[in-house]
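The values are calculated or read from the model by the stated rules, or taken from the named source; none is laboratory data. Predicted, not measured: the structure shown is a model, and the values here were computed from it. Cβ: placed from backbone, ideal geometry, glycine included. Neighbour counts: every protein chain shown. For the accessible areas, the whole protein counts, side chains as well, though only heavy atoms, and no ligand, DNA or RNA atoms are used. Shrake-Rupley method; radii C 1.70, N 1.55, O 1.52, S 1.80 Å.
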Amino acid sequence: MTLSVPSRSPRLIGSFGLQGSGSTWVYNVIHAVLETSGDRIARFFANDLTHENILALRGADVVLVKAHEPSAALLAACLFAGAPVIVTVRDPRDAVVSLMERFGHSFQEAADEVRNSARYLMRLVTDCPAWVLRYEDGFLETPATVSKIAAHLGVEIGERDAGAIFRNHRKGEVAERIGQFIQEGRMGADNPRLQFEAASHWHPNHVGDGLVGKYAGKLTIDQIMAVEIAGRDFMERFGYGPLTSGLPSGYAIDFGPSGCVNRSVAHGFFRPEISGGDGVMWARTAMASVDYPLAADATWARGAIDLVLAPAFRHAAGEVEVEIQVCGRTIAVLRSGPADEDKVRLSFALERDEIPADGRLELVLRTTNAMSAAALGLSHDNRKLAVGIRRLAVEYGA
């Protein structure tokens, strides 16, 4: 099949944003502004460019793309096309609470979504010119926002049209429109999390309370630290001051399912699980690491690491080796073989010159020749496991 080539390429516009940051509001205001120009508009939500949405571009004068995690390909398309891009951001701690309240996400689900979106948006604003709107600055409640959006897009719009667009996108109007969509059966899907109106992408619970700083009364201190650690670069870039930029002296990271900080600082591990009655994260890759960011300058640090040895490790007859390093210094080498205990506690002490200037201590687990319990006939678990981490506690001081 040969596709017809359009006489001219459609104009691309990017509307990207963190979850709960007003990105859907901006997406719909952009569409309303474009409608005043009489252009033929193709619009859709897509974190990446697929064959299906590329085909949707045919016959369009303007293409409006909305995304929370714009891919490198989408970023490149915007960059090469000289596309006007608008990015909405919000305090990631409030964004997490927003997802929990409006869509029923667990803390970890919400934190993972916000962390991933923040990572993609950071890459976008670093490499692509973009106009950034901060939720906390109240752009959703400011009538002039509509005219500014039009100017950014290069669309001329009169005060009357701009005023009408703003009024049609006030909270009450949007909530009423969403109610109509629900009555008309236009939200689709039985799962509330997957329900949305296809054109506008409004969800049934899209209109939130708009409160700023509500995370302080909704999240535990562990949850707040988890979001701050995972989104430290994002928060610094967009002016969100953390309660703490690291972990306080004496804090112990719990790597079981109940731990909140664990997945913010751990890399190369499986998800937290329960094994032998204890929480653990098993090393998934040959090199797995944990960051322990200090909240203050330190001249000394000492810590304790609780590890778990996998059944395959204890039955592999010396074929598996795990090297444990802290800030580049090897503190132990474990070799497989029969062992009465499946738990190991290691300790370490760092002096001033061993503590990194950025205050981020790194624990590294390097595994050689990991084997699976299934291969040794011990169970049906076919994961190649050697060691897992249960707990990491560090004390430090000036």
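Keeping to segment 224-233, report how many residues are in contact (Cβ under 8 Å) with a residue 40 or more places away in the chain and open to solvent by less than 30 Å² (accessible area, probe 1.4 Å).
Pass one, segment 224-233, residues in contact (Cβ under 8 Å) with a residue 40 or more places away in the chain: 224, 226-233.
In the following step, the residues that additionally are open to solvent by less than 30 Å² (accessible area, probe 1.4 Å) were identified as 224, 226-229, 231.
The number of residues fulfilling the criteria is 6.
Being of a type in the set (S, T, N, Q), within 25 Å of HIS206 (Cβ to Cβ), open to solvent by 10 Å² or more (accessible area, probe 1.4 Å) and more than 25 Å from the chain's Cα centre (by Cα): is that true of THR36 here? Criteria met by THR36. Filtering ASP48, ASP91 for residues that are of a type in the set (D, E, K, R), assigned by the TED database to the domain that holds LYS148 and under 29 Å from VAL261 (Cα atoms) leaves a single hit, ASP91.
The single condition from (1) open to solvent by 60 Å² or more (accessible area, probe 1.4 Å); (2) under 20 Å from the mean Cα position of the chain (by Cα) that GLY246 fails is (1). Every condition in (1) within 12 Å of the chain's Cα centre (by Cα); (2) open to solvent by 30 Å² or more (accessible area, probe 1.4 Å) is met by ILE54 except one, and the failing one is (1).
Given ARG284, ARG314, ARG271, ARG335, which one is at pLDDT below 95, surrounded by 16 or more Cβ atoms within 10 Å (Cβ to Cβ) and not assigned by the TED database to the domain that holds ARG123? Outline the logic, then answer.
Working: ARG284 fails: at pLDDT below 95; ARG271 fails: surrounded by 16 or more Cβ atoms within 10 Å (Cβ to Cβ); ARG335 fails: surrounded by 16 or more Cβ atoms within 10 Å (Cβ to Cβ).
After ruling out the rest, the residue left standing is ARG314.
Here's the yes/no breakdown for (1) open to solvent by 40 Å² or more (accessible area, probe 1.4 Å); (2) part of a loop (DSSP other than H, G, I, E, B); (3) small (Gly, Ala, Ser); (4) in contact (Cβ under 8 Å) with a residue 40 or more places away in the chain:
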| residue | (1), (2), (3), (4) |
| --- | --- |
| VAL174 | no, no, no, yes |
| GLN180 | yes, no, no, no |
| GLU197 | no, yes, no, no |
| HIS203 | no, yes, no, yes |
| LEU211 | yes, yes, no, yes |
| ASP222 | yes, no, no, no |
| MET235 | no, no, no, yes |
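Every condition in (1) over 20 Å from the mean Cα position of the chain (by Cα); (2) open to solvent by 30 Å² or more (accessible area, probe 1.4 Å); (3) farther than 30 Å from ILE305 by Cβ is met by LYS218 except one, and the failing one is (1). Apart from one condition, ALA150 fits all of (1) within 21 Å of ILE13 (Cα to Cα); (2) out of contact with any Asp or Glu (no Cβ under 9 Å at 6 or more places or on another chain); (3) small (Gly, Ala, Ser); the exception is (2).
Taking the listed residues ALA77, ALA110, the one that is open to solvent by 10 Å² or more (accessible area, probe 1.4 Å), hydrophobic (A, V, I, L, M, F, W, C), assigned to a helix (DSSP H, G or I) and in contact (Cβ under 8 Å) with a residue 12 or more places away in the chain is ALA77, with no other qualifying. Take GLY158 and tell me if it is open to solvent by less than 70 Å² (accessible area, probe 1.4 Å) and under 23 Å from GLN19 (Cβ atoms). So GLY158 fails the test.
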